[in-house]
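Written below as structure tokens is the structure these notes are about.
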Amino acid sequence: MKNLILKEFKLNAHFRLSEGLRMIQIAISKVDNDLLWKRPTASGMSIGNQLIHCSGNITQYIITSLTNSKDNRDRDLEFTLSGGLNKKELLDQLENTVKNAQEIIKNTSEQEFERVRTVQGFKMSGVGSSLHAVEHFSYHIGQIAFWVKQETKESLGFYDGFDLTIKNNEDVD
């Protein structure tokens, strides 16, 4: 039973990271490079900052944590950058980070998922650090989607072509 739960956790973490990346790619396709670095408020984060921040968080909580690698994250820099990277560069960086994290999750042992470690000052297991990273990514996807919708006045169509009215336990063809 334990291995089945871990397998399901890994599959869903992989899926959620893929879904998040897909949604961000859709949202970013609707904006130009100028909007990437525009801040919604003086204390808000630009889309560019959020993409860099997501890469940093996923790297710290999944990549370095699950592989016991050196943590070189410069979190403060993620919030202070105000340009220098375009859409392609930001998306390539995030895509590489997500794919690396997915591969690490897939190959991480049960013992490593159970091992308690300190990440960003918090004690948590490998499951906890992975869950945090996936949840944190989702949080920023929502912020990016809101900001893009606010600026473009367009639907993002994340689920175009999906029937989201299907009730639980109904057969899906």
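So the values come out like this:
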read-out	value
Residues satisfying the stated conditions in segment 45-96, i.e. farther than 23 Å from S129 by Cα, among the β-branched types (V, I, T) and within 16 Å of the chain's Cα centre (by Cα)	I47
Members of segment 13-45 found to be surrounded by fewer than 13 Cβ atoms within 10 Å (Cβ to Cβ) and either in contact with a Phe, Trp or Tyr (Cβ under 8 Å, 6 or more places away or on another chain) or over 16 Å from N86 (Cα atoms) (or both), listed by number	F15, R22, T41, A42, S43, G44
Test: residue in segment 17-28 that is modelled with pLDDT under 95 and among the β-branched types (V, I, T)	no
Residue in segment 88-96 that is surrounded by 15 or more Cβ atoms within 10 Å (Cβ to Cβ) and in contact with a strand residue (DSSP E or B) (Cβ under 8 Å, 6 or more places away or on another chain) present	no
Contacts under 8 angstrom Cβ, first residue in segment 147-160 being in a loop (DSSP other than H, G, I, E, B), partner basic (K, R) and surrounded by 14 or more Cβ atoms within 10 Å (Cβ to Cβ), 6 or more apart	E154/K30; S155/K149; L156/K30; L156/K149
Segments classed as helices (runs of 4 or more DSSP H), wholly inside segment 50-132, with at least 3 members that are more than 23 Å from K10 (Cα to Cα)	75-80, 87-107
Filter result for the condition that a residue is among the charged types (D, E, K, R) and more than 21 Å from R16 (Cβ to Cβ), over D92, D76	D76
Some residue of segment 42-53 being touching a Lys or Arg at 6+ places or on another chain (Cβ under 6 Å) and closer than 23 Å to Q102 by Cα	no
In segment 55-76, residue farthest from V119 (Cα to Cα) [restricted to those that are touching a Gly at 6+ places or on another chain (Cβ under 8 Å) and surrounded by 22 or more Cβ atoms within 10 Å (Cβ to Cβ)]	L66
Residue, surrounded by the fewest Cβ atoms within 10 Å (Cβ to Cβ), within segment 111-164, restricted to residues that are among the small types (G, A, S) and closer than 16 Å to E19 by Cα	G161
Extreme residue, nearest to T67 (Cα to Cα), among residues of segment 119-144 that are aromatic (F, W, Y) and free of Cβ contacts under 8 Å to residues at least 40 places away in the same chain	F122
Looking only at segment 97-118, and only at residues there that are touching a residue at least 40 places away in the same chain (Cβ under 8 Å) and over 17 Å from the mean Cα position of the chain (by Cα), the one that is farthest from I52 (Cα to Cα)	E110
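The values are calculated or read from the model by the stated rules, or taken from the named source; none is laboratory data. These numbers were taken from a predicted model, which means no experiment stands behind them. We place every Cβ from the backbone using ideal geometry, glycine too, and count neighbours over all the protein chains shown.
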